[in-house]
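Quick one: the structure is below, questions incoming.
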Amino acid sequence: MNTQPQHESESTLKLGLTGGIGSGKTKVADLLQDLGASIIDTDAIAHSLTAPGGLAIEPIREAFGDQVIDAQGALDRAQMRQKVFKDANARIRLEGILHPLIRQEVAREAQKATGLYRVFVVPLLVESGRWLEQVDRVCVVDCDEATQIARVMARSQLSAEQVEEIMMVQATRDERLAVAHDVIDNGANTDFENLRQQVLVLHRLWCNLTE
């Protein structure tokens, strides 16, 4: 999501964690949380807002109709994905509903965070531009595009073409790497222990920067 946090008064390091779809951002965030960082995940916030009873459901229903709400009362992501990929105005309308709500929740979670430093997990951090002004450092979880596609297909019902469509609206690998202060390699040949060691090295660095 390309929403941005409010300014906080605390001096704790604010880290932006990003990467393309299927890169492994969530796995890295989980490891950082285990090490004592506070995680503010904009995707998780967006999912809670669009779950049954979520604050975004009724505004989305009013804007797009019942066909984008599933039988359980949650956002029908497949239906909405088709709409926003075909119609840029639909994407803008959806973002107009979601982003203010996400900003509010990001600010609330950041305010109550008590970890060693705060990690804002933002899939579209690079694309937004604003996030680059709001965080102290950017860490990119990096992998090649073929690995991204294979991972997303393995965990979802999406085809390779659908995954590629999602990737087309995200920053390119080179664009992400160009703004990165730190890079975590999570390519096809990276096993969990290697990933964990990379995270641990950077965690120590970030803790030193926080002190």
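Exposure proxy check: Ser23, Ser159, Ser48 ranked by fewest other beta carbons within 10 Å?
Working: Ser23 25, Ser159 12, Ser48 16.
Sorted ascending by nearby Cβ count, the order is Ser159, Ser48, Ser23.
To the nearest 0.05, what FRET efficiency results for Gln197 and Phe85 with a Förster distance of 41 Å applied to their C-beta separation?
Values: r = 38 Å, r/R0 = 0.93.
Plugging the Cβ-Cβ distance into 1/(1 + (r/R0)^6) gives 0.60.
Got the relative contact order for the chain handy, in percent, Cα pairs under 8 Å and 6 or more residues apart? Mind dumping the intermediate values first?
Values: 315 pairs, mean separation 77.5, N = 211.
Rounded, it is 37 percent for the chain.
Give me, ordered by chain and number, the residues 5 or more places off Val135 or on other chains with an amide H under 5 Å from its own placed amide H.
Placed amide hydrogens put nothing under 5 Å from Val135.
Say R0 is 25 Å: what FRET efficiency, to the nearest 0.05, do Gln67 and Ala150 get from their beta-carbon distance? Display every interim value, and only then the final one.
Values: r = 31 Å, r/R0 = 1.25.
Step by step, r from the Cβ atoms, then E = 0.20.
So between Leu55 and Asn208, what do we pick up on full extension, going 0.36 nm a residue minus the alpha carbon distance? Don't skip to the end; give the middle numbers.
Numbers: separation 153, 0.36 × 153 = 55.08 nm, distance 3.84 nm.
Length difference between fully extended and current span is 51.2 nm.
Efficiency by 1/(1 + (r/R0)^6): what FRET value for Gln104 and Ala74, r their Cβ-Cβ distance, R0 = 35 Å, to the nearest 0.05?
On the way: r = 20 Å, r/R0 = 0.57.
Efficiency, from the Cβ-Cβ distance: 0.95.
Name the residue from Ile45, Val84, Pro59 whose Cα lies farthest towards the positive end of the charge dipole of region 18-134, charges +1 on Cβ of Lys and Arg and -1 on Cβ of Asp and Glu.
After comparing all options, I get Val84.
Would you mind computing, in nm to one decimal, how far apart the modelled labels at Ala178 and Ala160 are, each placed 7 Å from Cα along Cα→Cβ?
Each label point lies 7 Å from its Cα, and together they span 2.8 nm.
Additional query: Would you mind pulling out the separation of the Cα centroids of region 29-106 and region 156-211, in Å?
Their Cα centres are 22 Å away from one another.
Another question about this same structure. May I ask for the net charge around Leu200, where only other residues with Cβ less than 15 Å from the Cβ of Leu200 are counted and Lys, Arg are +1 while Asp, Glu are -1?
Working: positive: Lys27, Arg196, Arg204; negative: Asp30, Asp34, Asp182, Asp185, Asp191, Glu193.
It works out to a net charge of -3.
Per-residue HN-Hα couplings for region 41-46, Karplus 6.51 cos²θ - 1.76 cosθ + 1.60 at θ = phi - 60°, whole Hz, x for Gly and Pro?
Running phi through 6.51 cos²θ - 1.76 cosθ + 1.60 with θ = phi - 60° gives 9, 5, 5, 4, 5, 4 Hz.
Can you give me the three principal axis dimensions of region 153-211 from its C-alpha atoms, in Å, biggest first?
If we take the Cα atoms of region 153-211, the spans are 45, 26, 17 Å.
Note down the nm distance, to one decimal, between modelled labels 7 Å out along Cα→Cβ at Thr26 and at Ala44.
1.1 nm
So how strong a dipole does the chain carry about its Cα centre when Lys and Arg Cβ are +1 and Asp and Glu Cβ are -1, to the nearest 20 debye?
Dipole size: approximately 260 debye.
Note down the magnitude of the dipole of region 66-165 about its Cα centre, charges +1 on Lys and Arg C-beta and -1 on Asp and Glu C-beta and zero elsewhere, to the nearest 20 debye.
Numbers: 14 positive and 16 negative charges, 81 e Å.
Taking the Cα centre of region 66-165 as origin, the dipole is about 380 debye.
A further question follows. For the chain, just the Cα atoms, rotate onto the principal axes and tell me the three extents in Å, largest first.
Cα spread of the chain along its principal axes, largest to smallest: 50, 40, 29 Å.
Rule-based calculations on the coordinates, nothing more; no lab input. Since we're looking at a predicted model, the values are computed, not measured. Please note: Cβ atoms are built from the backbone with ideal geometry, for glycine as well, and neighbour counts cover all protein chains shown.
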